[in-house]
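Beneath this line is the structure, given in structure tokens, with notes to follow.
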2 protein chains.
Amino acid sequence: MEDEVDRLVEAWHAERPDLDVEPLHVLSRVSRLARHLDRARRAVFVAHGMESWEFDVLTALRRAGPPYELSPGRLLRATLVTSGTMTNRIDRLESTGLVRRSPDPQDKRGVLVRLTDAGRTRVDAAFADLVDRERELLGSLSPGDRRTLASLLRSLLVPFDTDPAA
Amino acid sequence: MEDEVDRLVEAWHAERPDLDVEPLHVLSRVSRLARHLDRARRAVFVAHGMESWEFDVLTALRRAGPPYELSPGRLLRATLVTSGTMTNRIDRLESTGLVRRSPDPQDKRGVLVRLTDAGRTRVDAAFADLVDRERELLGSLSPGDRRTLASLLRSLLVPFDTDPAA
DNA sequence: CGTGGATATCTCGATGTCAAGACAGGTAAG
DNA sequence: CTTACCTGTCTTGACATCGAGATATCCACG
């Protein structure tokens with residue numbers, strides 16, 4: 001069975017026979033798969049009237065555990081966006097009642113963003129559906145294959161997650 | 001060795017012990033790795049005074065082989081962007097002299113976008129560097145591991161690349 | 001032929017993101 | 001204290017992308 005990356009590598013090999021393009025077999029697949037995954041996730045979120053960026057922020061809060069509260073700074077580091085973007089996102093989530101801002105009693109510069117009950121309900125439902133959908137996407141792999149894949153991906157990821165040079 | 005996804009899965013398990021979040025081990029890693037990969041690629045491109053979107057378009061033309069010419073329609077399908085985006089990209093690439101637009105003699109609605117000599121030189125140099133950099137990123141994996149990984153990723157990708165439901 | 005629908009490209013307005021900087025509050029050294 | 005630097009959040013302006021729609025051309029069928 002062939003995929004688009006096989007065709008892509010073949011085309012490069014024909015055009016640049018001087019180069020060893022073997023790395024593309026792994027890394028182009030990672031990028032393309034991530035792209036398809038984004039679309040699939042978006043489709044799950046629309047069923048919950050939610051967008052990807054909302055899910056990202058709400059899950060970060062949800063994962064934090066009770067009282068489901070983090071500073072904007074921690075949120076932007078968790079979701080890998082800039083501070084301006086995070087301010088904008090919190091504004092909109094607050095206007096739809098999914099989170100609430102309050103001053104940080106420990107630090108007068110700071111703010112705490114807390115998931116409302118409505119926000120928690122929404123994100124829990126969306127997350128459950130997302131995991132189900134992702135399980136379907138992995139349907140073609142045996143449990144052993146999944147473990148192998150996870151492990152190989154981890155070894156690619158570790159350098160990024162340890163080095164601050166990311 | 002642990003990565004961020006191990007911590008993420010652990011956090012979810014603590015908060016939602018009712019859910020089987022095993023799919024995250026594979027698919028969250030795919031997304032996160034793609035994100036890091038984007039940054040790494042961007043770093044390569046800046047060394048060539050190029051941005052990611054430029055590289056995407058130029059490589060699509062380069063892969064097509066002589067005369068390095070494709071229609072905007074084929075380009076937008078190859079790069080998965082909308083038509084408005086592709087018009088804008090071609091405009092900018094044309095203004096920097098990396099591509100040239102000409103009317104399609106076969107179809108008066110159509111346009112053909114061709115890589116200039118300057119464009120070809122630039123993209124060839126950037127591509128060679130990119131493959132080198134990607135080879136480094138795969139350094140922690142044996143050749144056998146790389147083949148295994150490529151093969152497992154392919155089986156996840158095939159459904160997307162065959163079904164039109166992407 | 002001619003008509004209706006499909007196709008190719010471009011235009012336009014809205015929007016989410018980023019980068020840089022503003023500003024208030026914290027923090028440590030003298 | 002107080003000065004100088006650091007940190008946390010928000011503001012602003014620029015920009016790439018998207019989605020919807022406009023226009024022109026092609027093509028298959030009657």
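The values are calculated or read from the model by the stated rules, or taken from the named source; none is laboratory data. Just so it is clear, the structure is predicted and the values come from calculations on it, not from any experiment. Counting neighbours? That spans all protein chains shown, and the Cβs are built from the backbone with ideal geometry, glycine included. Just the protein is used for accessible areas: all its heavy atoms, side chains included, with ligands, DNA and RNA removed. Shrake-Rupley method; radii C 1.70, N 1.55, O 1.52, S 1.80 Å.
Computed over the alpha-carbon pairs of the protein assembly as shown, the distance histogram in 10 Å steps reads 5, 22, 29, 25, 14, 4, 0, 0 percent, short to long. Copy-to-copy label distances for A:ALA118, where each label lies 7 Å from Cα along Cα-to-Cβ, are 5.5 nm in order of increasing length. Axis between A and B by rotation; chain A residue with nearest Cβ and distance in whole Å recorded as A:ALA34, 2. Across B:VAL30, B:VAL111, the residue with the most accessible area heads the list, and the full order at a 1.4 Å probe is B:VAL111, B:VAL30.
Just the number, please: buried accessible area between A and B, total of both chains, 1.4 angstrom probe, nearest 100 square angstrom. Chain pair A/B: roughly 7000 Å² of buried accessible area. The modelled label-to-label distance for the pair A:ARG92/B:ASP91, using points 7 Å beyond Cα in the direction of Cβ, is 2.4 nm. The 1.4 Å probe gives accessible areas that order B:TRP53, A:TRP12, largest first, as B:TRP53, A:TRP12. Copy-to-copy label distances for B:GLU136, where each label lies 7 Å from Cα along Cα-to-Cβ, are 4.1 nm in order of increasing length. So how far, in whole Å, is the C-alpha centre of segment A:118-166 from the one of segment A:73-96? That distance is 23 Å. Once the label point is set 7 Å along the Cα-to-beta-carbon vector, what list of distances in nm do you get between B:LEU19 and its counterparts in the other copies? Values, ascending and in nm: 4.0. Considering only alpha-carbon pairs that sit under 8 angstrom and 6 or more positions apart, the relative contact order computed for segment A:51-139 is 30 percent.
Taking label positions 7 Å along the Cα-Cβ direction at both A:ASP132 and B:GLU10, the computed distance is 3.0 nm, reported to one decimal. Taking every protein chain into account, the 1.4 Å probe leaves A:LEU98 with about 10 Å² of accessible area, to the nearest ten.
Just report the Cα centroid separation between segment A:1-56 and segment B:35-53, whole Å. About 17 Å separates the Cα centre of segment A:1-56 from the one of segment B:35-53.
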